[in-house]
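J.: Let me begin by handing over the structure; questions about it come next.
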């Protein structure tokens, strides 16, 4: 049942948006995520749940920072009498500390990320996370390997990157429990500001050649292409003796944008790259293709340009995590509406969290209704991963 009060009587609920601004490290800043939050607040929250949110900025500059994140959260609570909820942060390290503070203050905190933040189920937590967690992705990778009875494999991962390091750690721990063997582990460094790889990838691939036939690559698509070029030079991609597996962060990075040929004018090199990529398999999150999702994506990019002054939104279709923030805000508004309809206090965070636990919404990122379990992250059995190969 929805409570539909008159517009004049509807209060505004203060929601602090804790987010990095103009990130130098990743795509999860307010310029990219903010439009999705705004769309949820202005459209679904108001018109479906008759809930008005006062989105209050609590941004911090350029990069993940637990110090800034907790500082912005505490400043907001001290400045504003009734903070109904927090949205964000997107950085797992920042989320960890803000979640503790939010739990202490009994303030719900909703986020569409925090995938590198593994939690033990905790009834006192106020965190609602509408993203998958990396352990689910690691399970999907190992399930794929197990399907082909590939129980021995190597890993190359980008070091000093919270996402890739966390995924590497999850794979290592889960593989041991499944009696799978990681025969060799190699890592490399990349300057996150200049995007320049600081390690010798050719030497790494030469090492891998001697210790693994199945290789999982935990890095971005540019490094994947470079490593496959080296693998081609080393005779690893033409014999059929080696297979490479790449769990991409965003769908279409490696295959959909034809990255094997991007910026390559030499016809012979293009042929070699194409042959190299035939040895690569990609695990990707299932990305919606509906007309509704495309309209949502276009609106996010339009608002990013016009309202957030961010002209360089490079994604053809906005990614899963952007839509997850939209869904997190919708879930919050649904909980506020149902709490008021039940005659309970919407400013009591415990009431809102209880409504959000095991709730279901029409999720923007999938166009299907999905529920959330008591751990407040997406249930593993409802995760969908695609296995794709480049052209």
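The values are calculated or read from the model by the stated rules, or taken from the named source; none is laboratory data. Source: prediction; values computed, not measured. Cβ sites come from the backbone with ideal geometry, for glycine too, and all protein chains shown count toward neighbours.
J.: Is one or more of the residues making up region 5-14 in contact (Cβ under 8 Å) with a residue 60 or more places away in the chain and in contact with a strand residue (DSSP E or B) (Cβ under 8 Å, 6 or more places away or on another chain)?
T.: yes
J.: Which residues, taken from region 102-124, are at pLDDT 60 or above and under 30 Å from residue 176 (Cα atoms)? Can you show your working first?
T.: Looking only at region 102-124, we keep the residues that are at pLDDT 60 or above, and these are 102-116.
Selection gives 112, 113, 114, 115, 116.
J.: Also, quick follow-up: I'd like to know if region 277-286 contains one or more residues that are in a helix (DSSP H, G or I), surrounded by 14 or more Cβ atoms within 10 Å (Cβ to Cβ), modelled with pLDDT under 90 and in the same structural domain as residue 142 (by TED's automatic domain parsing).
T.: From region 277-286, those in a helix (DSSP H, G or I) are 277; that's our starting set.
Restricting the remaining residues to those that are surrounded by 14 or more Cβ atoms within 10 Å (Cβ to Cβ) gives 277.
Remaining after also requiring modelled with pLDDT under 90: 277.
From the residues that got through so far, the ones that are in the same structural domain as residue 142 (by TED's automatic domain parsing) too are 277.
Yes: one or more hits.
J.: Quick one: which of 171, 189 is at pLDDT 95 or above, surrounded by 18 or more Cβ atoms within 10 Å (Cβ to Cβ) and in the same structural domain as residue 239 (by TED's automatic domain parsing)? Give the derivation first.
T.: Working: 189 fails: surrounded by 18 or more Cβ atoms within 10 Å (Cβ to Cβ).
Only one candidate passes the filter, namely 171.
J.: Another one. In region 299-329, which residues are part of a helix (DSSP H, G or I), modelled with pLDDT under 95 and farther than 19 Å from residue 20 by Cβ?
T.: Hit for region 299-329 is 327, nothing else.
J.: Tell me, which residue of region 202-226 that is in contact with a helix residue (DSSP H, G or I) (Cβ under 6 Å, 6 or more places away or on another chain) and modelled with pLDDT of 95 or more is farthest from residue 166 (Cα to Cα)?
T.: Per the criteria, the residue is 202.
J.: Just checking, which of 140, 175 is touching a residue at least 40 places away in the same chain (Cβ under 8 Å), in contact with a strand residue (DSSP E or B) (Cβ under 7 Å, 6 or more places away or on another chain) and on the phi < 0 side of the Ramachandran plot?
T.: Values: 175 fails: touching a residue at least 40 places away in the same chain (Cβ under 8 Å).
Within the list 140, 175, the selection yields 140.
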